[in-house]
């Protein structure tokens with residue numbers, strides 16, 4: 001390829017609408033926390049790199065929450081931060097001790113001695129009932145230090161260095177005052193007020209292109225008609241149907257109008273919520289004036305298959321045109337491999353090595369292309385991944401932008417520019433309905449809990465429509481009631497239902513969803529259905545089971561006997577993760593266990609790990625603050641390399657599964673007698689494709705002589 005390879009980055013900025021409209025409070029603090037950590041610096045970093053252009057997708061309901069914070073709305077976490085510990089009751093102190101360590105421990109807690117000490121004093125694995133017992137050993141000064149650290153650690157490192165007083169607080173570390181707390185929270189609010197003006201400034205300067213999403217981030221094709229899921233989910237046979245094209249159009253129009261109010265012009269582009277598209281959804285976008293839309297590469301490939309077209313190495317590297325009854329919409333498609341490298345993989349790498357690898361991958365693409373002008377589209381969450389990076393991802397982004405600025409083979413452009421500069425746009429005749437995750441809608445409608453939530457939404461909406469017929473004159477009540485319906489139509493609630501994702505806030509998300517529906521009845525004065533007070537999510541969606549007995553499996557790479565791993569610890573990796581979703585989990589389950597002499601590990605993958613898996617290597621690294629030892633298992637030739645431990649005490653086999661045995665004798669200097677901390681890295685052809693766990697370490701408590709006695713079960 002002779003021309004420069006065009007590169008677009010689209011950073012999607014979004015948080016669910018978490019304001020309880022009845023109390024006027026935000027239930028969760030994540031808009032505020034990501035505001036001070038991510039939203040401003042992700043665009044302001046471009047001030048240092050005049051050659052770099054970027055795209056940002058700003059969800060209107062996120063912008064609305066930023067404005068509500070700026071206008072004085074607070075969240076429960078902020079209110080409890082501002083309260084003097086001497087005035088907190090026991091329940092409030094339990095809330096603080098339970099919730100104020102919600103950050104990535106490896107990058108945001110452990111590096112700060114006082115914050116780390118408070119976590120260890122509370123305990124790293126605990127629940128509110130246990131905290132009630134622990135509470136008595138915490139002084140008011142320690143509670144105050146925790147109040148400050150939770151809010152301080154979320155502030156972007158650049159602000160820590162540049163805002164007078166923050167660096168001093170960080171260095172002080174402990175014995176904070178009430179004035180210190182007030183200063184930290186004031187800083188939060190000051191930063192929030194800077195965000196929208198900064199994006200408009202960069203837009204007006206031509207440095208970035210801003211796009212939007214339907215207002216409350218709904219899955220547009222499902223709003224239009226839930227039956228659209230039948231094509232991408234052949235086994236989907238619901239006992240209900242929700243079909244409201246008018247709501248889909250209202251969400252798009254509301255989003256565009258709000259965007260225009262904030263940024264002075266209508267957006268040309270749209271990243272539909274979760275990249276979810278269908279023929280009808282794109283037609284609504286065209287009707288509302290949207291000129292381009294983006295989604296995932298798998299949607300493109302499935303769409304080409306619908307028309308019996310050919311897919312080749314250049315397929316995803318050009319824009320396409322889609323003709324709707326309401327006009328043409330140009331479309332670009334996300335390279336999910338490169339996007340996931342930033343979103344899920346590079347956080348564990350040396351930042352410069354990660355930037356070098358990314359440039360290397362771009363060269364691989366450029367060298368494979370024959371077309372004269374092509375574009376690579378990197379599209380991902382612009383906020384959640386950075387807490388997994390050291391220094392909030394600054395070192396990686398600076399290294400990447402430096403390399404791209406100095407490189408003459410690549411050019412970063414806005415999506416609008418890429419579409420205008422590439423003239424040969426193939427036409428897509430039909431769009432395969434689906435999202436960026438597995439090119440389907442399973443996350444949002446495939447589970448029993450999802451479908452229950454849709455039925456509640458359907459009933460609530462039907463009741464409001466019926467009430468409206470006889471209350472046309474009550475415009476204010478109708479407006480607020482419909483806003484509650486539109487809010488409940490957002491995608492975020494169903495993200496947390498089912499067993500795909502789980503977080504510490506599952507209960508809060510469930511309560512918020514039902515609260516938005518309940519508000520429709522409270523606003524209108526209708527009697528609230530009793531089932532809206534019944535939680536949809538029953539219990540937690542835990543994905544880890546600890547060992548319950550000693551095991552001694554045969555290390556042969558095959559699950560030869562049901563009982564050989566019975567009683568082991570199990571981590572279901574398909575359920576791992578919080579606000580982000582990894583599109584491909586290569587390793588799906590990790591088993592671990594032990595007898596009195598060995599630690600055993602087992603990995604189950606979506607496909608065989610042995611027999612011809614060229615380039616497949618599993619690394620296990622052991623930590624104690626820093627890496628202490630490692631062992632490499634190479635599936636190509638069944639070889640083992642060990643560093644910092646004796647490989648003579650290690651064996652493994654890769655076949656249908658991978659099994660390994662590591663003797664405690666070979667790990668004597670690693671285990672500290674009671675616990676092993678490790679992480680597993682899956683590599684293919686020299687590139688890391690999965691880290692287990694995605695953050696932190698596996699903490700494996702070693703057995704003592706009474707282990708089986710304590711864990712005996714009939």
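The values are calculated or read from the model by the stated rules, or taken from the named source; none is laboratory data. The structure presented is a predicted model; accordingly, all values stated were derived computationally and were not measured. Note that we place each Cβ from the backbone using ideal geometry, even for glycine, and neighbour counts take in every protein chain shown.
For the reader, a short list of remarks on this structure follows.
- Count of residues meeting criterion [under 27 Å from the mean Cα position of the chain (by Cα), in a loop (DSSP other than H, G, I, E, B) and free of Cβ contacts under 8 Å to residues at least 60 places away in the same chain] in the stretch 311-337: 1
- Annotation: residue 528 fulfils all but one of (1) modelled with pLDDT of 90 or more; (2) touching a helix residue (DSSP H, G or I) at 6+ places or on another chain (Cβ under 6 Å); (3) assigned to a helix (DSSP H, G or I); the unmet one is (3).
- With respect to the conditions (1) surrounded by fewer than 18 Cβ atoms within 10 Å (Cβ to Cβ); (2) closer than 30 Å to residue 107 by Cβ; (3) modelled with pLDDT of 95 or more; (4) in contact with a helix residue (DSSP H, G or I) (Cβ under 8 Å, 6 or more places away or on another chain), residue 400 lacks only one, and its number is (1).
- Evaluation of residue 362 against (1) within 30 Å of residue 430 (Cα to Cα); (2) assigned to a helix (DSSP H, G or I); (3) touching a residue at least 60 places away in the same chain (Cβ under 8 Å); (4) under 21 Å from the mean Cα position of the chain (by Cα) (one fails), failing number: (4)
- When we screen 698, 702 for residues that are modelled with pLDDT of 65 or more and either within 13 Å of residue 597 (Cα to Cα) or surrounded by fewer than 19 Cβ atoms within 10 Å (Cβ to Cβ) (or both), the only hit is 702.
- All conditions but one from (1) within 28 Å of residue 269 (Cβ to Cβ); (2) out of contact with any strand residue (DSSP E or B) (no Cβ under 8 Å at 6 or more places or on another chain); (3) crowded, with 17+ Cβ neighbours inside 10 Å apply to residue 3; the one that does not is (3).
- Residues located in the stretch 423-443, provided they are surrounded by 15 or more Cβ atoms within 10 Å (Cβ to Cβ) and in a loop (DSSP other than H, G, I, E, B): 425, 431, 432, 433, 435, 436, 437, 438, 439, 440, 441
Residue-wise test of (1) buried (at least 20 other Cβ atoms within 10 Å of the Cβ); (2) modelled with pLDDT under 85; (3) closer than 25 Å to residue 440 by Cα.
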{"position": "493", "(1), (2), (3)": "yes, no, yes"}
{"position": "498", "(1), (2), (3)": "yes, yes, yes"}
{"position": "511", "(1), (2), (3)": "no, no, no"}
{"position": "534", "(1), (2), (3)": "no, yes, no"}
{"position": "546", "(1), (2), (3)": "no, yes, no"}
{"position": "562", "(1), (2), (3)": "no, yes, no"}
{"position": "584", "(1), (2), (3)": "no, yes, yes"}
{"position": "591", "(1), (2), (3)": "yes, no, no"}
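- Residues of the stretch 310-327 satisfying the condition of being over 19 Å from residue 6 (Cα atoms) and either touching a helix residue (DSSP H, G or I) at 6+ places or on another chain (Cβ under 7 Å) or surrounded by 15 or more Cβ atoms within 10 Å (Cβ to Cβ) (or both): 311, 322, 324, 325, 326, 327
- In the stretch 103-121, the residues that are outside any helix (DSSP H, G or I) reach residues that are at pLDDT below 95 with C-beta atoms within less than 6 angstrom, at least six apart or across chains, in these pairs: 104/387; 104/388; 104/695.
- Residue within the stretch 605-623 that is more than 30 Å from the chain's Cα centre (by Cα), closer than 26 Å to residue 344 by Cα and at pLDDT 75 or above present: no
- Among the residues of the stretch 468-480, none qualifies, meaning not one is crowded, with 19+ Cβ neighbours inside 10 Å and outside the structural domain of residue 213 (by TED's automatic domain parsing).
- Test: residue in the stretch 444-452 that is farther than 25 Å from residue 296 by Cβ, surrounded by fewer than 23 Cβ atoms within 10 Å (Cβ to Cβ) and in contact (Cβ under 8 Å) with a residue 40 or more places away in the chain: yes
- In the set (1) under 20 Å from residue 336 (Cβ atoms); (2) in contact with a helix residue (DSSP H, G or I) (Cβ under 9 Å, 6 or more places away or on another chain); (3) surrounded by fewer than 16 Cβ atoms within 10 Å (Cβ to Cβ), the condition left unmet by residue 352 is number (1).
- Taking the stretch 7-32 as the range and being over 15 Å from residue 505 (Cα atoms) and assigned to a helix (DSSP H, G or I) as the test, only 32 passes.
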